[in-house]
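Read the structure below first, then the notes.
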Amino acid sequence: GVRLLLHGLCSNTTVKSLDLKGNNLRTVGAEALGKLLRQNKSIRSLTLEWNSLGMWEEGFSLFCQGLRANNFLQRLDLRNNQINHQGAGELAMALTQNTSLQELDLRWNNIGLLGGRALLNCLHSNKTLKRLELAGNNVPGDILKAVEQALDHNQDCEAILSEAQNQVNILSKEVLSLKDEKNKQFMDFVNTVDKQKEEKARSEKMSAARVSQLQEALDEQYSIMNSLKTKLQMTEAALALSEQKVHNLGELLNAMKQEQNSVAECHFKELQQQKQESADREGRLLHDLSDASEKNLLLRNQVDELERKCKVQQDQLFQVKQDLTNTTAELKLRAVEAEERLETEKRRFKQSLEDMESLRVKEVDRMTQHMEASERSMHNRIQRLEAIRISLEEELSQVKAAALTERGQAEEELIKVRSQARLEEQQRLEHLKEKLRLMTESRDEAQNCCLKQKEMLAEAQAKAKQLSLYADGLRRRLDELQQDLDSKEEEKVTELNKVKVELQEQIGHLEAERAAQDGLREKIAALERQLKALSSNHREALLDKEGEISLLLEKLRMKEAEISRVREEEAQRASFLQNAIMAYVQGSPLGTHSSRK
């Protein structure tokens, strides 16, 4: 039944504790337990009390082999299992390679002296076992004391290692947090610098766009000037045409005058001819005088009409001349006025253009100077901040190197102290083993000589187990041995005194080791205080840098506000200038005259 149960538990991953006490497990059960320990990885506590596993040597050896291969079991209870010194040796061999077992209960077995020695020897290589119960096993008190000392030493070493590991973890976490904070601050600073560069590029683009807009406005003004010039040229051409028309009219007037003169001459010639004819005919046509007088009257009437027509034509010519003179005067006055207006407009426009050019050049120079100064200040600030960042990183690297060197030195000192303590303990234990071997030989001889006094020695051993001090137990043993063994009393007393002296020396060495460990702990505490002070200094420096960065950000915000204000002023000025130019162009008399035309 146990074999089937344990076979099912081999692949189980949920059971953490297994209690099989009082089940009369035999060789098959021990073999199944060894297989379970080799294959199962979840059981942490195993209770096997009252099962007599030690009676079956082969099965218990297989169980010990499984325990040797297991690295997950933490608590093992083997009370009242009739384990002898051979089984204890198998357990010791398993414990030398096991790295997970922390509690082992072997009370009320038959381990004896040899089994106690084997367990004590295995504790030199096993550093994870913290609790080992050996009561009721006929193990001598000195071995029990040595086992307790070894367990205490393991606990102290584990505590020191755990403390050192915790400190190293804390320091590594703090260093990582500082690195993360520094990286975050540096990335924030880089992002702010990039944002400032982007804003600066945007402002430059806006200023370039504004300059291009102003340039376009100037080009428009130039085009307006060109159109005005073309209009002037057209007016000049119109004036030339009007002058040519006036010249043509003058020529026409001259031609009319010549025609009038010719007509007058013709009429005069005709009158003379008629007079001659009338004079010639006076004599011949006396009787036709009345007819001639009538004709003369008719001719006179015609002449009067012709004279009236000439006068009318002369009046018309005079009016035409007056109109021509008036039109020429008006045209000349208008041309003079237009030239004066053009000259004044040219002067004003040139002056406005010069003012605009000077203002634009001044604004551009001022903006370029301001931008260059801000760029220089920003580059200087960036260089300073980069220098500060580099110095802080160097300080951090120096502090890290110093901390690493100090930690390495402390670890080297700990390793040296541990190695020395281990060597001294091994030497002392070998010496004690030799002495204990001599004592055991002498005790075996005494036991062979005094078989009747075994009960007294057992009572003395039980009393020695209950006593807390090794010296009192030895004294009681010496008193009992002095009462029973007269021959070997002096030798035992001397050997016991030697053992006492050696134990006292060992106690002194152990106290010195504890004092050295206390000194190392004080050094570690001092190093922790130094690290805390350095971290506080770094935090203060980081806070100062954050304050400087906030001041720089405020200055940048002020500069951005100034730049936005300058942009708004420039936009207002440009809009004012544009409105003024458009109003001037629209409200000028030349523009109205040209529009009327």
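General remarks:
- Remark: pairs (first residue in segment 220-239, polar (S, T, N, Q); second residue modelled with pLDDT under 75 and not in a helix (DSSP H, G or I); Cβ separation under 9 Å; 6+ apart in sequence or on different chains) = 235/597.
- Scanning segment 384-408 for residues that are among the hydrophobic types (A, V, I, L, M, F, W, C) and free of Cβ contacts under 8 Å to residues at least 24 places away in the same chain yields 387, 390, 401, 402, 404.
- Residue in segment 49-61 that is under 51 Å from the mean Cα position of the chain (by Cα) and of a type in the set (Phe, Trp, Tyr) present: no
- In the set (1) of a type outside the set (D, E, K, R); (2) in contact with a helix residue (DSSP H, G or I) (Cβ under 9 Å, 6 or more places away or on another chain); (3) at pLDDT below 80, residue 530 fails one condition alone, (3).
- Residues of segment 190-219 that turn out to be of a type in the set (A, V, I, L, M, F, W, C), open to solvent by less than 80 Å² (accessible area, probe 1.4 Å), touching a helix residue (DSSP H, G or I) at 6+ places or on another chain (Cβ under 9 Å) and closer than 30 Å to residue 549 by Cα, as a count: 1
- Looking only at segment 301-323, residues that are at pLDDT below 75, over 17 Å from residue 268 (Cβ atoms) and not polar (S, T, N, Q) come to 5 in all.
- Matching residues, segment 481-513, being modelled with pLDDT of 80 or more and either touching a strand residue (DSSP E or B) at 6+ places or on another chain (Cβ under 6 Å) or open to solvent by 100 Å² or more (accessible area, probe 1.4 Å) (or both): 498, 504, 505, 511
- A count restricted to segment 379-418 and to residues that are open to solvent by less than 60 Å² (accessible area, probe 1.4 Å), of a type in the set (Val, Ile, Thr) and farther than 30 Å from residue 161 by Cβ stands at 2.
- Meets criteria (at pLDDT 70 or above, touching a helix residue (DSSP H, G or I) at 6+ places or on another chain (Cβ under 7 Å) and not basic (Lys, Arg)) for residue 406: yes
- Residue in segment 424-449 that is modelled with the lowest pLDDT, counting only those that are more than 18 Å from residue 145 (Cβ to Cβ) and crowded, with 16+ Cβ neighbours inside 10 Å: 446
- Members of segment 52-63 found to be part of a helix (DSSP H, G or I) and closer than 15 Å to residue 105 by Cα, listed by number: 53, 54
- For residue 126, the test of being more than 26 Å from residue 99 (Cβ to Cβ), at pLDDT 85 or above and touching a helix residue (DSSP H, G or I) at 6+ places or on another chain (Cβ under 6 Å) is failed.
- Of the set (1) more than 29 Å from residue 361 (Cα to Cα); (2) open to solvent by 50 Å² or more (accessible area, probe 1.4 Å); (3) not basic (Lys, Arg), all apply to residue 232 but (2).
- Filter pass, residue 172 being polar (S, T, N, Q), open to solvent by less than 70 Å² (accessible area, probe 1.4 Å), modelled with pLDDT of 90 or more and out of contact with any Lys or Arg (no Cβ under 6 Å at 6 or more places or on another chain): no
- Filtered by the rule that a residue be in a helix (DSSP H, G or I) and farther than 18 Å from residue 68 by Cβ, segment 4-51 gives 4, 5, 7, 8, 9, 27, 28, 29.
- Which numbered condition residue 126 misses (of (1) in contact (Cβ under 8 Å) with a residue 12 or more places away in the chain; (2) open to solvent by 70 Å² or more (accessible area, probe 1.4 Å)): (2)
- Flag for residue 47 being out of contact with any Lys or Arg (no Cβ under 6 Å at 6 or more places or on another chain) and either free of Cβ contacts under 8 Å to residues at least 24 places away in the same chain or not hydrophobic (A, V, I, L, M, F, W, C) (or both): no
- Checklist (1) modelled with pLDDT of 90 or more; (2) open to solvent by less than 40 Å² (accessible area, probe 1.4 Å) applied to residue 154, failing item: (1)
- All of 298, 249 fail the test of being aliphatic (A, V, I, L, M), at pLDDT below 80 and over 25 Å from residue 339 (Cβ atoms), apart from 298.
- Remark: residue 101 falls outside the filter, which requires a residue to be in a strand (DSSP E or B), at pLDDT 90 or above and of a type in the set (A, V, I, L, M, F, W, C).
- Consider segment 531-571 and keep the residues that are more than 30 Å from residue 377 (Cβ to Cβ) and in contact (Cβ under 8 Å) with a residue 24 or more places away in the chain. The one that is least open to solvent (accessible area, probe 1.4 Å) is 535.
- Given (1) part of a helix (DSSP H, G or I); (2) of a type in the set (Val, Ile, Thr); (3) buried (at least 18 other Cβ atoms within 10 Å of the Cβ), number of the condition residue 139 does not satisfy: (1)
Residue-by-condition table, conditions (1) farther than 18 Å from residue 49 by Cα; (2) among the aliphatic types (A, V, I, L, M):
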{"site": "89", "(1), (2)": "yes, no"}
{"site": "93", "(1), (2)": "yes, yes"}
{"site": "100", "(1), (2)": "yes, no"}
{"site": "108", "(1), (2)": "no, no"}
{"site": "117", "(1), (2)": "yes, no"}
{"site": "124", "(1), (2)": "yes, no"}
{"site": "128", "(1), (2)": "yes, no"}
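- Listed conditions (1) touching a residue at least 40 places away in the same chain (Cβ under 8 Å); (2) exposed (fewer than 15 other Cβ atoms within 10 Å of the Cβ); (3) not β-branched (Val, Ile, Thr) are all met by residue 19, apart from (1).
- Test: residue in segment 73-80 that is open to solvent by 50 Å² or more (accessible area, probe 1.4 Å), part of a loop (DSSP other than H, G, I, E, B) and touching a residue at least 24 places away in the same chain (Cβ under 8 Å): yes
The values are calculated or read from the model by the stated rules, or taken from the named source; none is laboratory data. What you see is a predicted model; the values in this text were computed from it and never measured. Counting neighbours? That spans all protein chains shown, and the Cβs are built from the backbone with ideal geometry, glycine included. For accessibility, only protein heavy atoms count, side chains too; no ligands or nucleic acids. Shrake-Rupley method; radii C 1.70, N 1.55, O 1.52, S 1.80 Å.
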